[in-house]
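Chemist: Let me give you the structure first, and then I'll get to my questions.
The values are calculated or read from the model by the stated rules, or taken from the named source; none is laboratory data. Please read these numbers as outputs of a predicted model, since none were measured by experiment. Note that we place each Cβ from the backbone using ideal geometry, even for glycine, and neighbour counts take in every protein chain shown.
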């Protein structure tokens, strides 16, 4: 069965939890998280929940780990904390949880980002992987990065990914 067949048999909706990771974002100014939820709903996905966390590795890892328990969420999308500043720790907190990496996501994200912002794209540590049957995507927090990651990569493959996870 090829990828087209997999997409044909894929679920049309999955449960997605959105986490914004930031020391400064609040419900009032979380533009990246707002956009992620808006794009997911517009694509017919089920929003399982949303949360804003400070950029603290143990809190990030604990929340993502809990969401990977059966019945919690099919997909976890984080926004923020993927850069290189002293406080950016999403990459370190999340990659240690992966049972399988989805290396192509980060590679393609940076390639597409390069087309929009040039060489600064290499500073992104966008990453994805699987834990306990749950897909985890870590995106930068800017609305442009959230839109790029969701529209060009995540949403087109979400059902296919869920199909593969359930096989």
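Chemist: Is there any pair with a first residue in region 98-120 that is over 22 Å from residue 130 (Cα atoms) and a second that is in a loop (DSSP other than H, G, I, E, B) whose Cβ atoms are under 9 Å apart and which are 6 or more apart or on different chains, and what are they?
Modeler: Taking only residues 6 or more apart or on different chains, the pairs are 113/124; 113/126; 113/140.
Chemist: Turning to a different aspect of this structure: Scan region 46-73 residue by residue and report those that are surrounded by fewer than 23 Cβ atoms within 10 Å (Cβ to Cβ) and either assigned to a loop (DSSP other than H, G, I, E, B) or at positive phi (or both).
Modeler: Across region 46-73, the qualifying residues are 49, 54, 55, 56, 68, 69, 70, 71, 72.
Chemist: Assuming residue 145 fulfils every condition listed in (1) closer than 27 Å to residue 27 by Cβ; (2) in contact with a helix residue (DSSP H, G or I) (Cβ under 6 Å, 6 or more places away or on another chain); (3) in a helix (DSSP H, G or I) apart from one, which condition is it?
Modeler: That leaves (2) as the condition not met.
Chemist: Checking the conditions here, which among 82, 78 is in contact with a helix residue (DSSP H, G or I) (Cβ under 9 Å, 6 or more places away or on another chain), part of a strand (DSSP E or B), touching a residue at least 24 places away in the same chain (Cβ under 8 Å) and within 23 Å of residue 48 (Cβ to Cβ)? Please lay out each step first, then the result.
Modeler: Details: 82 fails: part of a strand (DSSP E or B).
After ruling out the rest, the residue left standing is 78.
Chemist: Here are 137, 109, 98: which of them is touching a strand residue (DSSP E or B) at 6+ places or on another chain (Cβ under 6 Å), at pLDDT 95 or above and not in a strand (DSSP E or B)? Don't jump to the end; show me each part of the working.
Modeler: On the way: 137 fails: not in a strand (DSSP E or B); 109 fails: touching a strand residue (DSSP E or B) at 6+ places or on another chain (Cβ under 6 Å).
98 is the lone residue from the list that is touching a strand residue (DSSP E or B) at 6+ places or on another chain (Cβ under 6 Å), at pLDDT 95 or above and not in a strand (DSSP E or B).
Chemist: Applying the selection to region 113-135, what residues are in contact with a helix residue (DSSP H, G or I) (Cβ under 6 Å, 6 or more places away or on another chain), under 23 Å from residue 160 (Cβ atoms) and buried (at least 17 other Cβ atoms within 10 Å of the Cβ)?
Modeler: Residues satisfying the conditions are 113, 126, 127, 128, 135.
Chemist: Which one is modelled with the highest pLDDT, of the residues in region 152-163 that are more than 13 Å from residue 77 (Cβ to Cβ) and in contact with a helix residue (DSSP H, G or I) (Cβ under 7 Å, 6 or more places away or on another chain)?
Modeler: This residue is 152.
Chemist: Further question on the same structure: Taking the condition touching a helix residue (DSSP H, G or I) at 6+ places or on another chain (Cβ under 8 Å), under 22 Å from residue 162 (Cβ atoms) and not in a helix (DSSP H, G or I), does residue 36 pass?
Modeler: Answer is no for this residue.
Chemist: Could we say that residue 159 is touching a residue at least 60 places away in the same chain (Cβ under 8 Å) and either closer than 28 Å to residue 86 by Cα or more than 13 Å from the chain's Cα centre (by Cα) (or both) here?
Modeler: yes
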